[in-house]
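In what follows, a single structure is set out as structure tokens and then discussed.
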Amino acid sequence: MEQQGIKPYVIGLDLGGTNSVFGIVDARGEIKATTAIKTGGHATAESYVDACVAALQPIIEQVGGISKIKAMGIGAPNANYYKGTIEFAPNLPWAHDCIVPLAKMFSDRLEGIPVGLTNDANAAAVGEMVYGAARGMKDFIVITLGTGVGSGIVANGQLLYGHDGFAGELGHVTMVRGAEGRPCGCGRTGCLEAYCSATGVARTARELLQTTTRPSLLRNMNAEEITSLDVSIAAEKGDKLALEIYEFTGKMLGEACADFAAFSSPEAFIFFGGMTKAGELIMKPIREAYDAHVMKPFRGKAQFLISALDGASAAVLGASAIGWEIK
């Protein structure tokens, strides 16, 4: 504890497909300072790290300088916990077709502080377990609904990493097989992420607008600019096409969760990300499809929860917990 007294803070980074959110966190889980940058728009990982370090400097100074920082933890897509690398991340232009040693790059730029890296959804799961809806639980699955679909699986109180650090990519289970399946950023077709991410919801909206003539508030918009938030707003106004989009999305998520229950029998499925703001529009079809498809031994046992934490805070706190664990 003496070292933590001298270095009372860690940096947590929630590296999302759209935004990168930083927090400087103390040992009690209080976020003392935050900043953020856009994740895209960088041609190389070096350019991205440069922008991050520039954004971090003012908040590091705010807490007394780098000498007060014990470590940094990062939650990122396609992150390898064991190697500190991001590998072939579909939603990151600077890591799409390569392996990026991101932990080392940050450590080198931040005066050698230790840096740990884990999957963004794993970081969110740690955040939920320590500070959120999963407190006291030992078996649960966090599903993140953002630019992609991520998952953090906790079994017997431990994050599931697998032998290579990549376990828990439930967003890339195949939901639609064969030629019918949508192309996914990972290079495969028919993945859950291609349908049930925020980008997948917008894609469903465009498909329905193109293949039907039914009236919808969404027809007043440029189809290419429609977002999941637009669909949510239309659905809340009772727009039948938008409601159908959420029914389709929730049903697929519920069917997927019914399959996930078969291997880890979670006490709860915890959802977070911008799409959860749709509330019952998405949660009701998830629960109904789960109940209709899950094996009988699992029926009626799992809770379906929306994160009790703000999405960014959950991931930042979870990432910071990775920092505290570094020896």
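Kyte-Doolittle cut-off 0.0, length cut-off 24 Å along the helix's own axis using Cα: show which whole DSSP H helices in the chain pass.
Answer set is 45-62, 240-264.
At a 1.4 Å probe radius, which order do 166, 248, 22 fall into by accessible area, largest first?
Ranked from most to least accessible, the order is 248, 166, 22.
Tell me which residues come under 5 Å, amide H to amide H, from residue 119 once H is placed; ignore anything under 5 positions away on its chain.
76, 79, 81
With every protein chain present, what accessible area does residue 276 have (1.4 Å probe, heavy atoms only), rounded to the nearest 10 Å²?
20 Å²
Compare 209, 145, 253 in a GNM of the chain, Cα atoms joined below 10 Å, and give the one with the largest fluctuation.
209
Of all trypsin sites (Lys or Arg not before Pro) in segment 1-73, which ones are in loop regions per DSSP and have a Cβ with at most 14 other Cβ atoms within 10 Å?
28
In debye, nearest 20, what is the charge dipole magnitude of the chain about its Cα centre with +1 on Lys and Arg Cβ and -1 on Asp and Glu Cβ, if you could check?
The calculation lands at about 400 debye.
Stick to Cα atoms and the Kirkwood definition of Rh, then tell me Rg/Rh for segment 140-274.
Ratio of gyration radius to Kirkwood radius for segment 140-274: 1.01.
Roughly how many Å² of residue 265 are accessible to a 1.4 Å probe, to the nearest 10?
In the full protein context, residue 265 sits at about 60 Å².
Please give the net charge around residue 212, taking every other residue with its beta carbon less than 11 angstrom from that of residue 212, where Lys and Arg add +1 and Asp and Glu add -1.
+1
Students often check this: by mean Cβ neighbours within 10 Å, which of 176-182, 78-84, 197-203 ranks highest, and how do the rest follow?
197-203, 78-84, 176-182
Just to confirm, what accessible area per residue do you get for segment 180-327 at 1.4 Å probe, in whole Å²?
Ligands and nucleic acids excluded, the result is 47 Å² per residue.
Excluding same-chain pairs closer than 8 in sequence, count the lysine pairs in segment 1-151 whose Cα atoms lie under 19 Å apart.
The number of close lysine pairs in segment 1-151 is 7.
What share of all Cα pairs of segment 103-165, in percent, falls into each consecutive 10 Å distance bin?
Percent of pairs per bin, in order: 21, 41, 29, 9.
Average projected area of the Cα convex hull of the chain, in nm²?
Mean projected area of the Cα convex hull: 17.1 nm².
log10 I(q)/I(0), Debye, Cα-only segment 70-145, no solvent, q = 0.18, 0.21, 0.22 Å⁻¹?
-0.77, -0.93, -0.97
Among 18, 307, 84, pick out the residue whose Cα is farthest towards the positive end of the charge dipole of the chain, where Lys and Arg carry +1 and Asp and Glu carry -1 on C-beta, about the Cα centre.
Most positive-ward Cα: 307.
If the reach is capped at under 19 angstrom between alpha carbons, list the lysines near residue 251, excluding any in the same chain fewer than eight residues apart.
240, 277, 284, 296, 301
The values are calculated or read from the model by the stated rules, or taken from the named source; none is laboratory data. Owing to the predicted nature of the structure, the values given are computational and were not obtained by experimental measurement. A quick note on method: Cβ atoms are made from the backbone with ideal geometry, for glycine too, and the neighbour counts reach across all protein chains shown. Accessible surface areas use protein heavy atoms only, side chains included; no ligands, DNA or RNA. Shrake-Rupley method; radii C 1.70, N 1.55, O 1.52, S 1.80 Å.
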